[in-house]
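The values are calculated or read from the model by the stated rules, or taken from the named source; none is laboratory data. From a predicted model like this one, the values you see are computed outputs, not experimental measurements. Counting neighbours? That spans all protein chains shown, and the Cβs are built from the backbone with ideal geometry, glycine included. Side chains are part of the model used for accessible areas, which takes the heavy atoms of the whole protein and leaves out ligands, DNA and RNA. Shrake-Rupley method; radii C 1.70, N 1.55, O 1.52, S 1.80 Å.
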Amino acid sequence: MRILSSDVKSHIGEKVHIEGWLHKKRLLGGLTFINIRDRRGLTQVVLENKDEVEKLRGLQIGTVLSADGTAVTEPRAPGGAELHDATIDIFVRVTDEPPIEIDKPIQHKSENLDTLFEYRALNVRNLQEQKIFKIRASLLRYIREFLTDHEFVEINTPKLIAGATEGGAEVFKLSYFDQEATLAQSPQLYKQMMVGAFERVFEIAPAFRAEPSATVRHMTEVYMLDIEMGFVNSHDEVLDMVGDMTLHALGSAYQEHAEDLKSLNAPPLVVTDKVPQITVAEIHKLYTKATGTDTTEEKDLIPDEEKWICEYAKKQLGSELVFATHFPVEAMKFYHQVNPEDPTTVLWADLLFRGLEIATCPLREYHYDKLVEQMKKVGMDVDHPGYKYYLQAFKYGLPQHGGCGYGIDRLVEKTIGLGNVKEATLFPRDINRLAP
RNA sequence: GGGCUCGUAGUGAAGCUGGCCUAUCACGCCUCCCUGUCACGGAGGAGAUCGCCGGUUCGAAUCCGGUCGGGCCCGCCA
């Protein structure tokens, strides 16, 4: 019966059987230590019998094996327990020398990220590297937990779609039998349609962007959390939901992974009970005053401004999370709702975290006639199959609604304090990389 | 797409104002020694036509041109 590494200490005095990968060997002459890795971590096994050590001759790290031995308490052992009088049994012999070392910190210097991804299948065997993806899984779990608790229904929408969905980002085109199809840049239109059925929906899925961006914050395939909620009376209701969800996910992950985050040099989390809001116009004003670079004419926030306002929010407001609200109407998308109290702005906010935009959270235009008008204004074909089914939902009744498009990769990157969104992604896709 | 920058054993780096480079170091690998290691330690060893092509030169890892491949910033970006 196999037991796992973390359970060895609860079987002291018993003969136990463990299975895993050879993670490290240290031969000290008459005494040999090996570390066996399983899904929980490492077990130190002591081999004193020369025949057992000889079984490992020529075998490399990664060899799959089992060990049978007596679990003993040993203060000198990592974790306080280890296996003695062990015999080993080899399952899979690995004789090729691995191209990278996995028992030492994995290089994350930007110049070496290419090597990181080249050997991704191997470097996630590094215990530190694994933590990134366990934390990612936890963040997703807490997000699902929060949304489910708030009566959101998780949906799945198609990624193969007919023609252009919207202006903006470039789409990937592909042949679909005798038609042309595109890969979805976002589930935007579908999630809005589903408000008509479920009121509250969310989806966690990849989105595809054919932008030739070569930066530390862009990929061509990104994991998006999309949320949409109906019957909202104000933009703040949406921002509160997204803000509270983020606080729940971050707070819980920071608690669950306190040690992991510390060992990854993640910065301590500085947040308040509610995510503070600052208008874009105010940010431009503050930034211009502080740096001398005039951004008051910009319609969006420039990258340096995003960094600056996050520093400002942390120092002045005690929060590393901040909403930049009221984007100017010049930057609006056809489905955004113009601010009824100030037609020069739209009810659209971006959630910024540690210097980076991680979510965009607008209130939608929900009146059929107004929406059609806004679409026609930007030259969209409302009869195109990409839009006509979307408009059906509005024609037959959608309440006021809003939501967000939320970059999961960016959230993970910033939570851990990594420098590049690709480091938070197992198999990143960018202009140059399509494999592994 | 524009600008800048980098390419040297399996990995990470040094050398790069030309010759002392027959290319250095660390980790990994191989052999041997070592009974408490945990980035074990010690002795020895193998492993690189210095991304590729061409040029300048008596001589190129080093200078020049081209090319291929990375990276960073800007732009683009539901």
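Listing for the model above:
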| item | result |
| --- | --- |
| Complete set of residues in region A:411-428 that are within 11 Å of RNA strand B (Cβ to nearest atom) and either in contact with a Phe, Trp or Tyr (Cβ under 9 Å, 6 or more places away or on another chain) or more than 16 Å from A:His108 (Cα to Cα) (or both) | A:Lys422, A:Pro428 |
| Test: residue in region A:122-130 that is at pLDDT below 95 and either under 20 Å from A:Arg57 (Cβ atoms) or open to solvent by 80 Å² or more (accessible area, probe 1.4 Å) (or both) | no |
| Flag if A:Val8 is β-branched (Val, Ile, Thr) and either open to solvent by 10 Å² or more (accessible area, probe 1.4 Å) or under 23 Å from A:Tyr119 (Cα atoms) (or both) | no |
| Strands (runs of 3 or more DSSP E) enclosed by region A:322-436 - at least 2 residues per element that are among the aliphatic types (A, V, I, L, M) and under 24 Å from A:Val242 (Cα atoms) | A:348-353, A:356-362 |
| Condition met for A:Thr291 (surrounded by 20 or more Cβ atoms within 10 Å (Cβ to Cβ) and hydroxyl-bearing (Ser, Thr, Tyr)) | no |
| Contacts under 7 angstrom Cβ, first residue in region A:110-124 being on the phi < 0 side of the Ramachandran plot, partner aliphatic (A, V, I, L, M) and part of a helix (DSSP H, G or I), 6 or more apart | A:Asn123/A:Leu116 |
| Given (1) among the β-branched types (Val, Ile, Thr); (2) free of Cβ contacts under 8 Å to residues at least 40 places away in the same chain; (3) within 9 Å of RNA strand B (Cβ to nearest atom), index of the condition A:Ile161 fails | (2) |
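Quick grid of which residues meet (1) open to solvent by 10 Å² or more (accessible area, probe 1.4 Å); (2) farther than 27 Å from A:Ala424 by Cβ; (3) out of contact with any helix residue (DSSP H, G or I) (no Cβ under 8 Å at 6 or more places or on another chain):
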| site | (1), (2), (3) |
| --- | --- |
| A:Tyr312 | yes, no, no |
| A:Ser319 | no, no, no |
| A:Ala324 | no, no, no |
| A:Val338 | yes, yes, no |
| A:Arg354 | yes, no, no |
| A:Tyr366 | yes, yes, no |
| A:Asp369 | yes, yes, yes |
| A:Pro385 | yes, yes, yes |
